[in-house]
């Protein structure tokens, strides 16, 4: 518990410093936020263009696809906002700047994650929320208490799962300093994948994100539970309720790999 409080305090202080720096130039921030929103929205424009020519995509209506896209986009946006700075981990290991963090009396992961906190990434979160609300307004669902609660739970759990993948990718760079692109395949690539129905992908790929790298728990399984649709890859219907447990397990694995990688790190000596 003490280590957790120290990590959170360190992260909050560093991120807060960068937020204050960003808000010094409010007009610039507003423009970059709007640009971030617009650029990420172009991804959804592709779906809009598709539905200009078809009535469904893989058996899913526009509102259902918007719901999938919005939940995945919001979850990834939250993770990217909080932990996007971990992408620079490989560079820190290569150029030795990680050494300066090791001598400070503060958790290294919190320092790396909070450094150069980019508030402009909030644009991706807002874009995902916009599409999510749009999708919720269009889907025809018989709402229950469980389904209503599952929507915010899946978004938060999905953000934690994406965040755990980012931490795991950063940890792997202790051994392979150029592994950032491989991590992006599961984060940015996973976000794109989960924005579409599982029915349009090869079953081998779908089984992989259900049973191997559990990205399906970000939104496919819980979202299909909400939509009363059959889960992919033969998963049981109640699997959609397991996102919080899967998120917790991912955090345990990512934390263990991070600690092992940190112990294995050898200074550049520069």
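I need the helices (runs of 4 or more DSSP H) fully contained in the range 1-110, keeping only those with at least 1 residues that are without any contact (Cβ under 8 Å) to a residue 40 or more places away in the chain and touching a strand residue (DSSP E or B) at 6+ places or on another chain (Cβ under 7 Å). Please lay out each step first, then the result.
On the way: elements: 2-23, 26-51, 62-83, 89-95, 98-102.
Where helices (runs of 4 or more DSSP H) fall fully within the range 1-110 and carry at least 1 residues being without any contact (Cβ under 8 Å) to a residue 40 or more places away in the chain and touching a strand residue (DSSP E or B) at 6+ places or on another chain (Cβ under 7 Å), they are 26-51.
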**Request:** Select from the range 140-161 the residues that are under 19 Å from residue 69 (Cβ atoms) and surrounded by 14 or more Cβ atoms within 10 Å (Cβ to Cβ) and list them in ascending order.
**Result:** 141, 147, 150, 151, 153, 154, 155, 156, 157, 158, 159, 161
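From the list 238, 258, pick out the single residue that is free of Cβ contacts under 8 Å to residues at least 24 places away in the same chain and in a helix (DSSP H, G or I).
Working: 258 fails: free of Cβ contacts under 8 Å to residues at least 24 places away in the same chain.
Every option except 238 fails the conditions.
Where a number appears in this text, it was derived from the coordinates with a stated rule and is not lab data. Please read these numbers as outputs of a predicted model, since none were measured by experiment. Note: ideal-geometry Cβ built from the backbone for every residue, glycine included; neighbour counts use all protein chains shown.
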